[in-house]
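The block underneath contains the structure these notes are about, expressed in C-alpha cells.
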Amino acid sequence: MKEQYKQQIKKIFEDNGGYARTQDIIEAGIHTSYLYQLVEENVITKLKRGLYHWDDGEFTVEEELVQVSKIAPNSVFCLISALSYYEMTTQSPWEHYVAIHQNARRPVVPDYPPIRFFYFSDKQFETGIKEIEINENIIKMYDLEKALCDCLRLRNRIGMEVAKEALQEYVKRSDRDITKLLDYAEITGISILMEKYLEILI
C-alpha cells in the first residue's frame with residue numbers, strides 16, 4: 001500500500017476520534033480495498049459491518065465504552081456498567097449493560113465486546129441521560145441517581161445485592177442528592193421501595 005493512502009485513511013480516523021465507516025473512506029475518494037488491507041495488517045479493527053477502529057495499541061476500558069457506543073449509537077450505558085464507571089460497585093461486569101428505547105430495533109452487534117440490552121419505556125429511557133467525553137468521542141450514560149433507580153427496579157435481573165451495595169455507598173457520599181434520587185424513583189415507579197431502603201440506610 002502506498003504510504004500516502006495509509007496517511008489519508010489515518011487522517012479520516014483521527015478526524016473522527018479514532019473511528020471511521022466505509023462510507024467515510026468512499027467519500028474521500030479512496031478505494032475500499034485499502035481499508036481491507038489495513039484490516040489484514042492489523043492496523044485497524046473491524047467492529048461490525050461498515051465500522052472500523054484505528055488500532056494504536058493503547059486499548060483502555062474507556063476506549064471499549066466508546067466502541068460499544070459506536071456499535072449501538074442509540075443506546076445509553078446503564079445498571080452495572082454505569083455503577084462501575086462511577087466506582088459504585090465491586091462487581092466487574094464481563095458484558096456491557098446498555099438501555100435502548102422499547103420501540104427501537106436491536107442493533108446488530110459483533111461477538112466482542114459483549115453487550116446486553118435492556119428495553120426501557122419513554123420516561124425510563126429519556127430520564128437522567130448525561131453525555132461523557134472520552135478521547136474526543138461522546139458516549140451516553142445515565143447519571144448516578146438514575147443508575148441506582150434502574151438497579152433497584154431491575155433487581156431481579158441483575159441481583160439485589162448489586163443495588164443494595166450501591167445504595168449503601170451512595171448514602172455515605174457528601175454529594176448525595178436524595179431529592180433527585182426520589183424524583184427518579186417516582187418516574188421509574190419504585191418510589192415506595194426506594195423510600196423503604198433509604199429509611200433503613202440513612
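The values are calculated or read from the model by the stated rules, or taken from the named source; none is laboratory data. Since we're looking at a predicted model, the values are computed, not measured. Note that each Cβ is placed from the backbone with ideal geometry, even for glycine, and that neighbours are counted across all protein chains shown.
Evaluate the following for A163: is it among the aliphatic types (A, V, I, L, M), assigned by TED's automatic domain parsing to the domain that holds I80 and either at pLDDT 95 or above or under 23 Å from N74 (Cβ atoms) (or both)? No: the conditions fail for A163. Checking M141, M194 one by one, the residue that is crowded, with 17+ Cβ neighbours inside 10 Å and either among the polar types (S, T, N, Q) or part of a strand (DSSP E or B) (or both) is M141 and no other. As a summary of the residue check, A20 satisfies the conditions (1) closer than 20 Å to I139 by Cβ; (2) at pLDDT 80 or above; (3) part of a helix (DSSP H, G or I) except for the one numbered (3). Sub-7 Å Cβ pairs linking a first residue in segment 126-143 that is touching a residue at least 24 places away in the same chain (Cβ under 8 Å) and at positive phi to a second residue that is surrounded by 16 or more Cβ atoms within 10 Å (Cβ to Cβ) and among the aliphatic types (A, V, I, L, M), at least 6 apart or interchain, are N135/V66, ordered by first then second residue. Of all residues in segment 59-109 being hydroxyl-bearing (S, T, Y) and touching a strand residue (DSSP E or B) at 6+ places or on another chain (Cβ under 6 Å), which is nearest to Y19 (Cα to Cα)? Per the stated criteria, the residue is S69.
Within segment 109-132, being modelled with pLDDT of 90 or more, farther than 24 Å from E161 by Cβ, outside any helix (DSSP H, G or I) and within 15 Å of the chain's Cα centre (by Cα) holds for I129, K130, E131, I132.
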